[in-house]
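The values are calculated or read from the model by the stated rules, or taken from the named source; none is laboratory data. Keep in mind that this is a model prediction, so the values were computed, not measured. Every residue, glycine as well, gets a Cβ built from its backbone with ideal geometry; the counts of neighbours run over all protein chains shown.
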Amino acid sequence: MPDFSMFDLSGKVAVVTGGNGGIGLGLARGLAKAGANVAIWARNEAKCESAQKELEALGVQAIAVGCDVAQEDDVSRAVATTLESLGRIDICFANAGFGHAADPLKLRMDDWRRLMATNLDGVFLTLRETAKHMVERGGGGKLVAISSITEIFGAPVQPHYAASKAGLGGLVRSLAVRFARDDIQVNLIQPGWIVTDATSPALGHAKLSETIVKRTPARRWGETADLEGLAVYLASDASRFHTGDSIRVDGGYSIF
């Protein structure tokens, strides 16, 4: 019989920022199905409550912590709350982020800075604070940042979004080197076109959606469930020698 115990997350505690919907909730579902207890850090209380109940229905402990990852004090409090409720943090998926369309010739600096504060600063703060706990308790852990294939191709009407996601690659590789001897693996996921509330405008635009599907060898949009297996792998003992990597989940879109 095959031994899949290395993928078992029972007794582990995972943090997922922005885990109350979209890709974040998809990641949280996968981790919970593998046995991890999950702390969702997010801002929308109603969505947090719904996500918490869904995860608890999978038979694990789940908590929702109000947190704006762009605020250093919020992140510190979220770590403390998670430790108080669940005892430890073994896994962290820094997923919280957003984007919006803007012509680079008209993009205001306050909009640029607001997005960077969440998409880049927020990921750094999240990974830094959870890594502190992992190192202080003696090492061992998993840190994962969620980027986008716009990091590869660019986004002509979302230059600030593409820039924020590109910055995550350098951050992840740097942290992977820094924490390797602490037995903490740091990796990056680059999702392609995934069906979420955030991508619903593109999905609802018939011509654009058709172009995306034709460009994708899998000939479909991705679902959040398509990220679950990779999330479990990167969170598990199966990936203990895998660090500093960027992994695309895009149905082959980036091959061309």
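The rows are residues; the columns are (1) in contact with a Cys (Cβ under 7 Å, 6 or more places away or on another chain); (2) among the hydroxyl-bearing types (Ser, Thr, Tyr); (3) surrounded by 16 or more Cβ atoms within 10 Å (Cβ to Cβ); (4) at pLDDT 95 or above.
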{"site": "148", "(1), (2), (3), (4)": "no, yes, yes, yes"}
{"site": "160", "(1), (2), (3), (4)": "no, no, yes, yes"}
{"site": "172", "(1), (2), (3), (4)": "no, no, yes, yes"}
{"site": "181", "(1), (2), (3), (4)": "no, no, no, yes"}
{"site": "193", "(1), (2), (3), (4)": "no, no, yes, yes"}
{"site": "213", "(1), (2), (3), (4)": "no, no, no, yes"}
{"site": "237", "(1), (2), (3), (4)": "no, no, no, yes"}
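Within segment 55-106, being within 30 Å of residue 160 (Cα to Cα) and in a helix (DSSP H, G or I) holds for 72, 73, 74, 75, 76, 77, 78, 79. Of the residues 213, 172, which is under 20 Å from residue 96 (Cβ atoms), assigned to a helix (DSSP H, G or I) and of a type in the set (Val, Ile, Thr)? Result: 172 is the single residue among 213, 172 that is under 20 Å from residue 96 (Cβ atoms), assigned to a helix (DSSP H, G or I) and of a type in the set (Val, Ile, Thr).
Pairs linking a residue in segment 228-256 that is under 17 Å from residue 179 (Cα atoms) to a residue that is among the charged types (D, E, K, R) and modelled with pLDDT under 95, with Cβ atoms under 9 Å and 6 or more positions apart or on different chains, are 246/151. Just one of the listed residues (142, 132) is modelled with pLDDT of 95 or more, on the phi < 0 side of the Ramachandran plot, not aromatic (Phe, Trp, Tyr) and not in a helix (DSSP H, G or I), namely 142. Taken residue by residue, segment 229-246 has at least one member that is in a helix (DSSP H, G or I), of a type in the set (Ser, Thr, Tyr) and more than 28 Å from residue 100 (Cβ to Cβ).
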